[in-house]
Amino acid sequence: MIPLHRPEQAQTPTAIALGSFDGLHEGHRRVIAAAVEAAEPPLVPTVVSFWPHPREVLFGEPRLRLDLPAEKLHLLEPLGIRQLVLVPFTTELAALSPEAFVEQVLVAQLQARLVVVGENFRFGQGRSGDAEALGRIGARHGMAVQVLPMFADSQERLSSSRIRRALADAELQQAAQLLGRPYRFGGRVVRGRGLGRDLGWPTANLQVDGRKFLPQEGVYAAWVWHRGERLAGVMNLGPQPTVDPTAPSAVEVHLLGRQLQLEGADLTVEPVALLRHQRRFDSLDALVAQIGADAAQAEALLAAPVGSAGGVGVAQAPADEGGDRSQQQNP
C-alpha cells in the first residue's frame, strides 16, 4: 500500500495532483492521471490534500468525508500514485499568502516540479489565489502548472457535493455512478446490548469513524465483507425508535443465513438499496414481524441476477477500507 506522509516526510522531487479529491470521482481521476503521466523519473507521482478540512479550522464546521485517508490510499494506488501527502491545515497555514504557500510548502518541502489542479482550485490567505496565480507564481520557481477544466456529465458538473446529495437521498445507484464504484464504509464490531439477539435477530454493532459521511438513516439491503467474503445482510442505520427511543444513532448489521462470531472483526458494508425509513412500532411483536419482512425483501433483492430488474452485484472484493482508528462509538 502506498504511504501516507506529512510534507516533511515526502519522497521528493514530486509531480503533484493538488486538491481535496473527496470521493475520487472521474473529474478527480483526470487531474491525478495528468500528474501521473507527467511524472517522469525522478519525479514521484503524488497526491497532496489538506487535513482537516479548512472550514473545520476556520469556521468550526464539521465536514464529513466520503473517503477517509486510509481508504483513499487503497483507491489511489491503482491510479499510479506513489504517496499521499496530507498537509496539516492550521490557522498559520491559512494565513500564508499564495506566494508563501507555494514557496514554503510546494517548493521548499515537496520540491514540486509539476502541479496539476482543477480550474476551480483556490489557495492562500482568504482563498485569494486561483489556478492562474498558481501558474504565475510557479513559473518564478521553475514549477510547471497544468490546469484542467471541470468535468461534467449530461446533467451538471461532477462534484463531491452531488455524491453527498445522492447518499443523503439514499440514491445509492446514482452515488455509485458518480463515484465510479460502489459506496462503502468500514467499521469494527463492538459489543452491544444484545437487544437484537433477544428479539431473534442478532446484529453486529459497528464502530464507525465519526468523520465518515453516511447515507440517509433507514433500513437497507447490504453486502457485508468479512475476511474477503461477501455476505448478504440487512443494515439498520439510525436510532432505535421502538426498542430504545433515547439511544443514539447506530450502525447494526444482521447477516442473512449466516451466524459468525464477529466481535472485534473489521467489516466493510456496501448498502445496496433502502428498504424503508425508520418508524416506531406499537409493539415488539410488530417490530419483529417487520424485521422478518425486511430480511425477506433484502434476501430476494440481493439474490437477483446482476442486470435483472432490481438486481445488484459487485464483481470484486473491496480493499481493506477501515479508515483511521480514532472512531466514534455507535452503541
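Numbers at a glance
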quantity: Cα gyration tensor, segment 181-303 - rounded (a/c under 1.5), prolate or oblate; calculated: rounded
quantity: Alpha-carbon centroid distance for the pair segment 35-82 / segment 132-169, whole angstrom; calculated: 14 Å
quantity: Over the chain, relative contact order from alpha-carbon pairs under 8 Å, at least 6 apart, %; calculated: 17 percent
quantity: Most mobile listed residue (230, 193, 211) in the chain, GNM with C-alpha springs under 10 Å; calculated: 193
quantity: Difference of contour (0.36 nm per residue) and Cα-Cα distance, residue 97 to residue 26; calculated: 22.5 nm
quantity: Cα gyration tensor category, rounded, prolate or oblate, for segment 4-148 with a/c compared to 1.5; calculated: rounded
quantity: Mean separation of Cα contacts under 8 Å, 6 or more apart, over the residue count of segment 163-299: relative contact order %; calculated: 29 percent
quantity: Neighbour-count ranking [beta-carbon atoms within 10 angstrom, fewest first] of 235, 143, 150; calculated: 150, 143, 235
quantity: Long-range amide H partners of residue 87 with built H, under 5 Å; calculated: 49, 50, 51
quantity: Fully extended contour minus Cα-Cα distance, from residue 265 to residue 59, at 0.36 nm per residue; calculated: 70.5 nm
quantity: Ascending count of other beta-carbon atoms within 10 Å, so fewest first, for 16, 2; calculated: 2, 16
quantity: Rounded to 5, percent antiparallel among DSSP beta bridges of segment 220-300; calculated: 100 percent
quantity: Residue-averaged [θ]222 nm for the chain, counting only DSSP H segments that reach four residues, each worth -39500 (n - 2.57); calculated: -7000 deg cm²/dmol
quantity: Among 282, 209, 22: highest mean-square fluctuation, GNM of the chain, C-alpha pairs under 10 Å; calculated: 282
quantity: Residue-wise HN-Hα coupling along segment 72-86, computed from phi with Karplus coefficients 6.51, -1.76, 1.60 (Hz; x: Gly, Pro); calculated: 5, 4, 5, 7, 7, 4, x, 7, x, 6, 10, 7, 10, 10, 9
quantity: GluC sites (Glu not before Pro) lying in DSSP loop within segment 104-190, provided at most 14 other Cβ fall within 10 Å; calculated: 119, 156
quantity: Order of 169, 266 under a 10 Å beta carbon neighbour criterion, fewest first; calculated: 169, 266
quantity: Full-extension gain in nm, residue 156 to residue 273, via 0.36 nm per residue minus C-alpha separation; calculated: 39.7 nm
quantity: Of all DSSP beta bridges in segment 4-148, antiparallel share, percent nearest 5; calculated: 10 percent
quantity: Spacing of the two label points (7 Å from each Cα toward its C-beta) at residue 139 and residue 191, in nm; calculated: 6.6 nm
quantity: Within segment 69-83: backbone nitrogen closer than 16 Å to the residue 37 label point (7 Å, Cα to C-beta); calculated: 79-81
quantity: At most 16 other Cβ within 10 Å, DSSP loop - trypsin sites (Lys or Arg not before Pro), segment 237-300; calculated: 258, 279, 280
quantity: Relative contact order (%) - criterion: Cα under 8 Å, at least six apart; region: segment 4-148; calculated: 31 percent
quantity: The chain: most fluctuating residue of 38, 273, 17 per GNM, C-alpha cutoff 10 Å; calculated: 38
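We did not get these values from a lab; they are worked out from the coordinates using the rules stated. None of the values given here were measured: they were computed from a predicted structure. Note: ideal-geometry Cβ built from the backbone for every residue, glycine included; neighbour counts use all protein chains shown.
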